[in-house]
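Right, one structure below, let's go through it.
The values are calculated or read from the model by the stated rules, or taken from the named source; none is laboratory data. Small disclaimer: the values here were computed from a predicted structure and weren't measured. Note that we place each Cβ from the backbone using ideal geometry, even for glycine, and neighbour counts take in every protein chain shown. SASA here: full protein model, heavy atoms, side chains in, ligands and nucleic acids out. Shrake-Rupley method; radii C 1.70, N 1.55, O 1.52, S 1.80 Å.
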Amino acid sequence: MSTKPLSKSSKTPTRIGSHALLAKFGLGTPAALALHLPMRYEDETQLWTIAEALAQSGEGAVQTQGVVTRSQVLYRPRRQLLVTITDNGDELNLRWLHFYPSQQKQMALGAHLRVRGEIRDGYLGAEMVHPTVRAVPANAPLPKSLTPVYSVTAGISQAMIRKAVLGALNHPSMQMVLAEIIPPVILETAEKAAMQFSLRDAVMYLHQPPADANTNALMERTHPAWRRVQLEELLAQQLSLKQAHELRKSRASPPKIVSNELARAIPSSEAKSLTSRLCAALSFELTTAQQRVWSQIGKDLQASYPMNRLLQGDVGSGKTIVAALAAAHMVERSYQVAIMAPTEILAEQHYLKFKEWFEPLGVSVIWLAGGMKAKEKKQAQVSIQSGQAQIVVGTHALIQDAVHFAALGLAVIDEQHRFGVRQRLEISQRIGSVTYYCHQLMMSATPIPRTLAMTYYADLDVSVIDELPPGRQPITTKLVKDSRRQELIAGLEHWLQKGLQAYWVCPLIEESEVLQLQTAVDSHAELSSVLRHYQIGLIHGRLKAEEKAAIMADFKSGKTKILVSTTVIEVGVDVPNAALMVIEHAERFGYAQIHQLRGRVGRGSAESSCILMYSEPLSLAAKERLQTLREVSDGFVIAERDLALRGPGELLGAKQSGDAMLRFVDLQRDAWLIQIAHCLADRLLKQHPALVKALLGRWIGARTEFLKA
């Protein structure tokens, strides 16, 4: 399919993207500008008289024109610019709450303006608020294509970027920049909708769609031109991840036979396998799922290349003991192990658990976190560098420059998507003349939807613990209006009289004038007043580490009966006697947060409940979310809903880490394309490996920081 010719009046610039801001955000080349596709479109191909436009009030954006008959700055009640245009005796008001002197000059008395926006009733009559405005002659021709609207940043106007894009599309290099790379024989197996356009025609069409284009398909990004672009973007991403997977296989893993130097540096285990002794010391049997996953990890640890595995499992499925078995395997081979968690509370839970399991077996387990005193931190760092520390547990402090391992063999990263530092965790080590990469085991209690795993974790091996340990109690989830708050608090006493404990979670610490939410501090005071015969604790992120530790110790021992908390107890806390979770203002929490919080109970023998207390009125999204959480306990189903709501960036922590985000693909809407791209990538690598570099250069190389601005 051919595209319509570009405007002949456009001049080819001598320096594409020479504007400093365009270059700063990676839009300084024809290729980058060509692939900076519109985020939406405006229809400026139709023009209505003011009378016709007024008849369409409230029905969406319309375009009209007229002569300025009034232009004034008013203070009602705030400073604003009011402009009135007239056409054949009909008037339309234009209003700006934010404006510049240059806009006032553009809309001086007698100027002829063409305006586009939605007409609504205002206090002075029908008006457009902040319309698009152009000063043009009355007989100025209408554009023949829809007007693209691009993602921009401060200092870059739509007019500037449209001019730059048009210049890029007319640039002599464009034929080569958008040339077909994928052989037709490969593309023949793709979806037909994605093959109605060549890549060049698809890009040209998306930048300048004709007036009769299917606007809905363009806006929803389901048009065949979008499908062609999406397929190639997905294909490039799949190729990149598959190459990363192959690159890992070319790296050396920790040597199976340790050197004499290493054996002297790090204490060795006793003759009997440390993993066998750990299993024998446990008070429970591994589930079938845990045994299967441990078998997969055990094979990885024997491989000649470093493990890079994601261990998924719903809250309470027993991921930690599997990580402990992997740690035991490496320690018995005289390697060190690092266990890293995103919060001190979660990291400390791991520290206490690993101490309980390993110290009776003669293994040194030490703690390292940012909140430690300088002297203690220095001692820990010395122990790590000397090799005396065999298992090191802590927060992000483990990856600071001052920490040097004698021989790190395994890094376990819990809730890794919350770090945003994935690329910094590829830790290379050196023993004498041997350089190797440590094994990595990433754990997540938030199940990863299949589409997400295929597009963002394709370079990882994935294991799933899909079975809860025996004895885990089902959790009953109930929705309660906040108008029944006093009734709920009164009912807590009956719960405590059974000898059980409870969590009470609040979304904020301090009062907010905007949200007007009950705070953790106020809830603690209220509960302490009503339930004065019971000890009630309060924990939040602003407490010092030692204060948090003392509060958690009292709760775990049973001394504290109710723990009022913010979401710092979202992950990692394990108190079997706590069988009730109350979440205030549950409508303010996301799917994953509530599912994680709910997983803190149901760990003992008592029947467990989670009460979601909410305030009305509820938005439709909040209502659907709470209903789903009441009815569904499957973490994978909840993860799919969370993906649809928040998108992959927030779910993966990729906004912090700088991981490659798909620009034009929606994982929910375009899921069917992912499998096609996955298969095409395999064929391209096998049959046309020389073309892979060119395809990656087009997509990965052209990715810019612009979209994050």
> Which strands (runs of 3 or more DSSP E) sit wholly inside the stretch 112-178 and have at least 1 residues that are farther than 25 Å from residue 211 by Cβ?
Replying inline: 112-122, 125-129
> Taking the stretch 630-667, which residues are open to solvent by 60 Å² or more (accessible area, probe 1.4 Å), modelled with pLDDT of 75 or more and of a type outside the set (D, E, K, R)?
Replying inline: 633
> Cβ-Cβ below 6 Å, separation at least six or inter-chain, first residue in the stretch 216-228 and among the charged types (D, E, K, R), second buried (at least 20 other Cβ atoms within 10 Å of the Cβ) and at pLDDT below 90: which pairs?
Replying inline: 227/194; 228/194; 228/197
>> Against the conditions (1) open to solvent by less than 50 Å² (accessible area, probe 1.4 Å); (2) modelled with pLDDT of 90 or more; (3) closer than 25 Å to residue 112 by Cβ; (4) touching a Phe, Trp or Tyr at 6+ places or on another chain (Cβ under 9 Å), where does residue 128 fall short? Just the number, please.
In response: (4)
>> With the requirement that a residue be open to solvent by less than 10 Å² (accessible area, probe 1.4 Å) and part of a helix (DSSP H, G or I), what does the stretch 205-234 give you?
In response: 206, 207, 218, 225, 226, 228, 229, 230, 231, 232, 234
> Restricting attention to the stretch 321-329, does a residue exist that is of a type outside the set (D, E, K, R), crowded, with 21+ Cβ neighbours inside 10 Å, within 16 Å of residue 391 (Cβ to Cβ) and over 31 Å from the mean Cα position of the chain (by Cα)?
Replying inline: yes
> Which of the residues belonging to the stretch 578-617 are assigned to a loop (DSSP other than H, G, I, E, B), open to solvent by 20 Å² or more (accessible area, probe 1.4 Å) and touching a Phe, Trp or Tyr at 6+ places or on another chain (Cβ under 9 Å)?
Replying inline: 585
>> Looking only at the stretch 264-275, how many residues end up being at pLDDT 90 or above and either hydrophobic (A, V, I, L, M, F, W, C) or surrounded by fewer than 12 Cβ atoms within 10 Å (Cβ to Cβ) (or both)?
In response: 1
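Got at least one residue in the stretch 672-691 being in a loop (DSSP other than H, G, I, E, B) and either loosely packed, with under 15 Cβ neighbours inside 10 Å or modelled with pLDDT of 80 or more (or both)?
yes
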> Between a first residue in the stretch 110-126 that is closer than 14 Å to residue 48 by Cβ and a second residue that is hydroxyl-bearing (Ser, Thr, Tyr) and not in a loop (DSSP other than H, G, I, E, B), which pairs have beta carbons less than 6 Å apart while being 6 or more apart in sequence or on different chains?
Replying inline: 116/132
> Looking at (1) open to solvent by 40 Å² or more (accessible area, probe 1.4 Å); (2) hydrophobic (A, V, I, L, M, F, W, C); (3) at pLDDT 80 or above, which is the only condition residue 520 fails?
Replying inline: (1)
> Taking the stretch 100-111 as the region of interest, how many residues are assigned to a loop (DSSP other than H, G, I, E, B) and under 24 Å from residue 43 (Cα atoms)?
Replying inline: 2
> Within the stretch 372-406, restricting attention to residues that are charged (D, E, K, R) and part of a helix (DSSP H, G or I), which residue is least open to solvent (accessible area, probe 1.4 Å)?
Replying inline: 377
> Quick check: is even one residue across the stretch 468-477 in contact with a Leu (Cβ under 7 Å, 6 or more places away or on another chain), among the charged types (D, E, K, R) and either at negative phi or at pLDDT below 85 (or both)?
Replying inline: no
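How about the stretch 526-552: which of its residues are within 18 Å of residue 600 (Cβ to Cβ), under 33 Å from the mean Cα position of the chain (by Cα) and not in a loop (DSSP other than H, G, I, E, B)?
Correct list: 537, 538, 539, 548, 549, 551, 552.
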